[in-house]
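Q: I have a structure I would like to understand better, so I am pasting it below and will then ask my questions one at a time.
What follows draws every value from the coordinates through simple rules; no lab data is involved. All of these numbers come straight from a predicted model, not from anything done at the bench. Note: ideal-geometry Cβ built from the backbone for every residue, glycine included; neighbour counts use all protein chains shown.
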Amino acid sequence: VKEVLRVLVTGAAGQIGYALAAMIARGVMLGPDQAVIIHMLDIPPATEALNGVKMELVDAAFPLLKGVIATTDVVEAFTGVNIAVMVGGFPLQEGMERKEVMPKNVSIYKAQASALEKHADPNCKVLVVANPANTNALILKEFSPSIPAKNITCLTRLDHNRALSQIAERLNVHVSDVKNVIIWGNHSSTQYPDVNHVTIMTKDGEKKVRELVSDDQWLNGEFITTVQQRGAAIIKARKLSSALSAASSACDHIRDWVLGTSKGTWVSMGVYSDGSYGVPAGLIYSFPVTCEKGEWSIVQGLKIDDFSRAKMDATANELAEEKSMAHSFLE
Ligand code: NAI
């Protein structure tokens with residue numbers, strides 16, 4: 001029998017939290033034979049809503065769900081957790097600039113880093129979803145020095161999944177027949193969705209995407225901007241930001257990290273850069289990774305053309321700016 005795992009969701013009374021908690025309890029994140037105890041953290045004004053989510057989780061009578069902790073106490077929330085999905089934070093509201101929310105998130109992530117370090121399982125795997133996701137993850141990493149750097153990641157899997165599905169729609173194939181897109185860089189509009197290594201499974205075997213989509217203009221233009229701006233398109237349509245697809249992609253991220261990626265397939269994860277592909281070390285940057293036995297590694301040796309290089313550098317520059325902005329609020 002597997003040990004019961006404790007999974008923390010911060011911001012659990014919010015939109016993503018509502019979708020995510022149920023997916024975790026259903027086994028979508030960790031598999032159909034992994035029992036879980038869900039820890040849910042939110043802030044005091046959300047106490048009642050948080051308790052409502054707990055009531056619904058209980059009512060759903062999930063066989064894998066062995067317990068639910070709903071709390072506004074950061075220490076209680078982090079105690080003993082094996083996996084932490086960080087969805088809580090100060091949102092970017094209409095009319096606000098990134099630099100206005102940055103100091104608030106820097107202080108939230110600094111405080112939560114110390115709870116993570118003191119109270120979580122020492123090998124806790126962390127996924128930051130809340131925006132600015134890469135920079136929040138970086139602050140978390142910097143202020144929890146005893147947690148291995150490789151344990152702190154951020155979500156770009158939603159962008160990755162969006163890119164796969166745009167190609168699938170274009171070619172009228174199923175999304176599971178498309179693989180190995182890459183999201184490079186920041187989870188922001190400067191991210192670079194790279195199709196140069198994408199393959200499609202057809203009845204005549206595996207084909208490169210550029211063999212099947214003859215329209216380079218689409219691949220080098222509209223495809224990229226559609227993926228970059230998909231989040232904004234969802235907000236326009238729903239008047240709320242993407243929640244079910246974000247929750248589902250967060251489950252994909254953790255599942256592949258813990259249980260492994262399938263052979264010949266990689267996924268995109270925001271991870272602490274070691275300098276691969278000339279990306280400055282010390283940024284949390286989205287790379288193509290494969291996962292095995294609970295560890296990710298960056299796919300090496302991919303050819304990068306000039307078009308890609310420029311876009312990879314632009315998104316790295318944005319992350320370096322975010323990093324120095326975040327640090328300026330710590331002085
Ligand atoms: P939401 O506003 O519905 O929920 C956020 C929750 O966080 C609220 O319940 C709020 O009370 C809580 N919260 C605020 N400060 C907190 C703190 N210090 N500790 C714990 N909880 C706290 O927002 P939603 O739609 O669930 O989105 C959450 C975040 O995820 C946003 O930052 C959003 O931009 C980001 N996001 C990231 C995506 C990605 O692909 N990386 C995709 C979609 C959203």
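Q: Could you list which residues have their amide H under 5 Å from that of ILE182, counting only those 5 or more apart in sequence or on another chain, with H placed in the peptide plane?
A: The list, which skips near neighbours in sequence, is ASP194.
Q: Still on this structure, please answer the following. What is the helix-to-structure angle for 157-171, meaning the angle in degrees between its Cα long axis and the longest Cα principal axis of the chain, kept from 0 to 90 and rounded to the nearest 10?
A: 40
Q: Provide the packing ranking of 48-59, 214-225, i.e. peptides ordered by the mean count of other C-beta atoms within 10 Å per residue, highest first. The partial results should precede the final answer.
A: Details: 48-59: 15.2, 214-225: 13.2.
Per-residue mean Cβ counts within 10 Å order the peptides as 48-59, 214-225.
Q: Among the lysines, select those whose C-alpha is under 28 Å from the C-alpha of LYS239, and discard any that sit fewer than 8 residues away in the same chain.
A: By straight Cα distance, LYS239 reaches LYS54, LYS99, LYS104.
Q: Let me ask you something else. For VAL74, what is the net charge nearby, where nearby means another residue's Cβ is under 13 Å from its Cβ and Lys, Arg count +1, Asp, Glu -1? Each step should come with its number before you reach the end.
A: Working: positive: LYS110, LYS118; negative: ASP42, ASP73, GLU76, GLU117.
Neighbourhood net charge equals -2.
Q: Here is a further query. Rounded to whole Å, give me the distance from the Cα center of the stretch 287-331 to that of the stretch 19-81.
A: The stretch 287-331 and the stretch 19-81 have Cα centres separated by 32 Å.
Q: Ordered by packing density, taken as the mean number of other Cβ atoms within 10 Å over each peptide's residues, highest first, how do 86-98, 251-263, 15-27 rank?
A: With the highest mean Cβ count within 10 Å placed first, the list reads 15-27, 251-263, 86-98.
Q: Could you state the number of Å between the C-alpha centres of the stretch 87-155 and the stretch 166-237?
A: Value for the Cα centre distance between the two parts: 29 Å.
Q: Another question, if that's okay. Please sort 227-239, 281-293 by packing, taking for each peptide the average over its residues of neighbouring beta carbons within 10 angstrom, highest first. It would help to have the intermediate numbers written out before the result.
A: Working: 227-239: 14.2, 281-293: 20.6.
Most protected by this proxy first, the peptides run 281-293, 227-239.
Q: Rounding to the nearest 10 and keeping the result within 0 to 90°, find how far the Cα-based axis of helix 98-119 lies from the longest principal axis of the chain.
A: Taking Cα atoms only, the helix is inclined about 60 degrees.
Q: Another question, then. Can you tell me which aspartates and glutamates have their Cα less than 12 Å from the Cα of LYS125? Leave out same-chain residues fewer than eight positions away.
A: Leaving aside aspartates and glutamates fewer than 8 places away in the same chain, those within reach of LYS125 are GLU117, GLU295.
Q: Here is a further query. Taking H placed 1.01 Å from N in the peptide plane, check which residues at least 5 places from VAL299 or on another chain put their amide H under 5 Å from its amide H.
A: VAL289, THR290
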